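Enquirer: I have a structure I would like to understand better, so I am pasting it below and will then ask my questions one at a time.
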Ligand SMILES: [Zn+2]
């Protein structure tokens, strides 16, 4: 069935009925050859704009995005979308013709307004009616042009390091600046004067060679280069200056100071904030491999770590002798000076079987950093900063899930415990209770091949509010996602599943709570329903389609199957199955995925998202994907 055609007919007939009392006269047909970067043919068979245009409705200009006076996060082109209220209107933005859709919506990808003006000048025309709107925006500050001729200038935003840091004295620091290619660039510290090099010419082998990124260089206006060198952190503890000189002119840039961690002394921090609405086991503190890097470790509030560095808004924490990670400063409460934690020595562990899960119980004492790796036939738990005594783990021989437990001392203060499994677990949870770390491994539920969803609990998460996107014609994402989620609820129930809705009305539900609702209901899977939008600076005519996201490895099979079904039914481009660290994809107790079925910022897809046919297709695809996932797990 052609959903879009159906959607178009439905909305058109409704609108025409509502407007039947208005005079339909004098409307100018949409201009021939609407200028557009790319045809919107993602939904084949969508009724042609000119054939189904509304008429008789007065024109107005509502810009949905960007908001007036918003700072645009793009340096050349951006999208602008909204509605002119009438599908027959002619529209230009900054002189460029823009296609108007049958429902009056528009989406344009245009060069940014000129810097001297910073306004979108929007003109909508319908017969004798003309509406002119000036829509102001803020453009990002221009990077200075660094010319080989007069006057000498540097790009102060390009200086590294930009912020004060805490480091060990023997760590290297990259010092650099973008400056004219024909300047002399040097670093003056309290200890030495050193010339910076640009990598193209290396005048003295005692200078550190640098990598020169030509792609970065190309985007610079003028004849500039990135000049850089590496120095020891201990060389930057006093006043340090980058100097740029040419023909008797000099510009100096003061560098932020480095504080040495050995001078501060041992420093410890507790992950938190500990006081939080959500119980400990539901609130994870994120640790990353680099400042601002990807989420890798999800830790419990109350865990104590040594702090060994600081860069910008991130603290560096030591997990054990061989691993340092980065944690947002706001997530760490520094302990008073003189605090000396005792390194935990986990005692003998045990395994306790129960109907729905197996608990590995390790008496650790204090909370320690950990990492759980899930494989098809194994679950590896790594404990950092522990002197482990784990060899003896008695376990019930009758357990159907855990076949064996092995331990390995990876380093002086790092231990790994492996649970060897007879089948893939549904999920896991790490809990702290009475000084014990409990790794709860969830058994797969019993599944009937004939009705795989019967008896299962599925958490359905209607994305937003808070936040969320709005389409050109004003459809709020949170409205559409709830309608789709409601349809999914009904389909799942009709197939025998119990459904837990994280949201049932327009009241905002905090992101972190959504996963908690699913876990408390012991859901066997969780699906979050969304409609996509792009950040500034990406051409929406090239970048739209259907995507499904996961965070845990164990959620990949579900993500793939749901994505396949969505592609089959929605017939949009395949943007793939992608790793992302959304709050609703991070839970470990069940497979969880997030679907971005379509793009609400694309006029045809926004229109479709209103239509019951599209909403049912979206919901059915998710239900079918869930069913295929669990059918594959059915006991023969
Ligand atoms: Zn969303």
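Enquirer: Quick check on this structure: which one of 312, 293 is more than 21 Å from residue 371 (Cβ to Cβ) and modelled with pLDDT of 80 or more? Break it down stepwise before answering.
Expert: Numbers: 293 fails: more than 21 Å from residue 371 (Cβ to Cβ).
Answer to the check: 312.
Enquirer: What residue, among those in segment 521-548 that are surrounded by fewer than 24 Cβ atoms within 10 Å (Cβ to Cβ) and under 22 Å from residue 492 (Cα atoms), is farthest from the ligand (Cβ to nearest atom)?
Expert: Going through the qualifying residues, I end up with 522.
Enquirer: Does segment 124-140 contain at least one residue that is out of contact with any strand residue (DSSP E or B) (no Cβ under 9 Å at 6 or more places or on another chain) and in a strand (DSSP E or B)? Talk me through it step by step, then tell me what you get.
Expert: Quick first cut of segment 124-140, residues out of contact with any strand residue (DSSP E or B) (no Cβ under 9 Å at 6 or more places or on another chain) only: 127-129.
This time we only want the ones that are in a strand (DSSP E or B), so: 129.
Yes - at least one qualifying residue is present in segment 124-140.
Enquirer: Now a separate question. Find the residue count for segment 538-556, including only residues that are part of a helix (DSSP H, G or I) and at pLDDT 95 or above. Full working, then the answer.
Expert: Taking segment 538-556 as the starting set, the residues that turn out to be part of a helix (DSSP H, G or I) are 553-556.
After this cut, where a residue has to be at pLDDT 95 or above as well, the list is 555-556.
The total comes to 2.
Here's the yes/no breakdown for (1) over 29 Å from the mean Cα position of the chain (by Cα); (2) modelled with pLDDT of 95 or more:
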residue	(1), (2)
90	yes, yes
98	yes, yes
109	no, yes
118	yes, no
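Enquirer: Next up: I'm told residue 338 meets every condition in (1) within 23 Å of residue 261 (Cβ to Cβ); (2) in contact (Cβ under 8 Å) with a residue 40 or more places away in the chain; (3) not in a strand (DSSP E or B) except one. Can you identify the failing condition by its number?
Expert: Among (1) within 23 Å of residue 261 (Cβ to Cβ); (2) in contact (Cβ under 8 Å) with a residue 40 or more places away in the chain; (3) not in a strand (DSSP E or B), residue 338 violates only (2).
Enquirer: Still on this model: Condition first: part of a helix (DSSP H, G or I) and at pLDDT 95 or above. Can you find one or more residues in segment 587-604 that meet it? Quick ask: steps written out before the conclusion?
Expert: Quick first cut of segment 587-604, residues part of a helix (DSSP H, G or I) only: 603-604.
Among the residues that remain, those that are also at pLDDT 95 or above are: 603-604.
The answer is yes; a qualifying residue exists.
Enquirer: Something else now. Can you tell me how many residues within segment 457-512 are assigned to a loop (DSSP other than H, G, I, E, B), under 16 Å from residue 599 (Cβ atoms) and within 11 Å of the ligand (Cβ to nearest atom)?
Expert: First, pick out the residues of segment 457-512 that are assigned to a loop (DSSP other than H, G, I, E, B): 463-469, 471-475, 495-497, 502-510.
Filter once more, so that each one left must be under 16 Å from residue 599 (Cβ atoms): 463-464, 468-469, 471-475.
Imposing the further condition that a residue be within 11 Å of the ligand (Cβ to nearest atom) reduces the set to 463-464, 468-469.
Qualifying residue count for the region: 4.
Enquirer: Could you list, in sequence order, all residues of segment 513-537 that are assigned to a helix (DSSP H, G or I) and under 21 Å from the mean Cα position of the chain (by Cα)?
Expert: Taking segment 513-537 first, the residues assigned to a helix (DSSP H, G or I) are 513-520.
Of everything in segment 513-537, those that are assigned to a helix (DSSP H, G or I) and under 21 Å from the mean Cα position of the chain (by Cα) turn out to be 513, 514, 515, 516, 518.
Enquirer: Next question, about the same structure. Could you go through segment 430-439 and let me know if any residue there is in a loop (DSSP other than H, G, I, E, B) and away from the ligand (no atom under 16 Å from the Cβ).
Expert: Residues of segment 430-439 that are in a loop (DSSP other than H, G, I, E, B), as a first pass: 434-435.
Going one step further and asking which of them are away from the ligand (no atom under 16 Å from the Cβ), we end up with 434-435.
Looking through segment 430-439, at least one residue is in a loop (DSSP other than H, G, I, E, B) and away from the ligand (no atom under 16 Å from the Cβ).
Enquirer: Please determine, by comparing only the residues of segment 154-179 that are closer than 16 Å to residue 238 by Cα and surrounded by 19 or more Cβ atoms within 10 Å (Cβ to Cβ), which one is modelled with the lowest pLDDT.
Expert: Filtering segment 154-179 for residues that are closer than 16 Å to residue 238 by Cα and surrounded by 19 or more Cβ atoms within 10 Å (Cβ to Cβ), the one modelled with the lowest pLDDT comes out as 175.
Enquirer: Any residue in segment 390-412 that is away from the ligand (no atom under 16 Å from the Cβ), modelled with pLDDT of 95 or more and not in a strand (DSSP E or B)? I'd like the intermediate steps shown before the answer.
Expert: Taking segment 390-412 as the starting set, the residues that turn out to be away from the ligand (no atom under 16 Å from the Cβ) are 390-412.
Adding the requirement that they be modelled with pLDDT of 95 or more leaves none.
So far as segment 390-412 goes, no, none of its residues is away from the ligand (no atom under 16 Å from the Cβ), modelled with pLDDT of 95 or more and not in a strand (DSSP E or B).
Enquirer: Any residue in segment 301-319 that is under 21 Å from the mean Cα position of the chain (by Cα) and within 19 Å of residue 551 (Cα to Cα)?
Expert: No: segment 301-319 contains no residue that is under 21 Å from the mean Cα position of the chain (by Cα) and within 19 Å of residue 551 (Cα to Cα).
Enquirer: Can you find a residue that is part of a loop (DSSP other than H, G, I, E, B) and more than 28 Å from residue 66 (Cβ to Cβ) anywhere in segment 557-573?
Expert: Going through segment 557-573, the residues part of a loop (DSSP other than H, G, I, E, B) turn out to be 571-573.
Narrowing the set further to residues that are more than 28 Å from residue 66 (Cβ to Cβ) leaves 571.
Checked against the condition, which is being part of a loop (DSSP other than H, G, I, E, B) and more than 28 Å from residue 66 (Cβ to Cβ), segment 557-573 yields at least one hit.
Enquirer: For segment 446-478, name all the residues that are closer than 29 Å to residue 495 by Cβ, surrounded by fewer than 16 Cβ atoms within 10 Å (Cβ to Cβ) and in contact with a strand residue (DSSP E or B) (Cβ under 9 Å, 6 or more places away or on another chain).
Expert: Passing the criteria: 454, 455.
Enquirer: Restricting attention to segment 568-585, report how many residues are more than 23 Å from residue 464 (Cα to Cα), in contact with a helix residue (DSSP H, G or I) (Cβ under 6 Å, 6 or more places away or on another chain) and surrounded by fewer than 20 Cβ atoms within 10 Å (Cβ to Cβ).
Expert: Residues meeting the conditions: 1.
Quick grid of which residues meet (1) within 19 Å of the chain's Cα centre (by Cα); (2) touching a residue at least 60 places away in the same chain (Cβ under 8 Å):
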residue	(1), (2)
551	yes, yes
564	no, yes
567	no, no
577	yes, no
592	yes, yes
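Enquirer: Six or more apart or on different chains, Cβ atoms under 7 Å: show the pairs whose first residue is in segment 272-289 and at pLDDT below 65 and whose second is part of a loop (DSSP other than H, G, I, E, B).
Expert: Between residues of segment 272-289 that are at pLDDT below 65 and residues that are part of a loop (DSSP other than H, G, I, E, B), the close pairs are 274/301; 274/302; 276/283; 276/301; 280/300; 280/301; 280/302.
Enquirer: Where residues in segment 347-375 are touching a helix residue (DSSP H, G or I) at 6+ places or on another chain (Cβ under 9 Å) and surrounded by fewer than 18 Cβ atoms within 10 Å (Cβ to Cβ), which of them is farthest from residue 269 (Cα to Cα)?
Expert: Per the criteria, the residue is 375.
The values are calculated or read from the model by the stated rules, or taken from the named source; none is laboratory data. Values in this document were obtained by computation on a predicted structure and should not be read as measured data. Cβ atoms come from the backbone with ideal geometry, glycine included; neighbour counts cover every protein chain shown.
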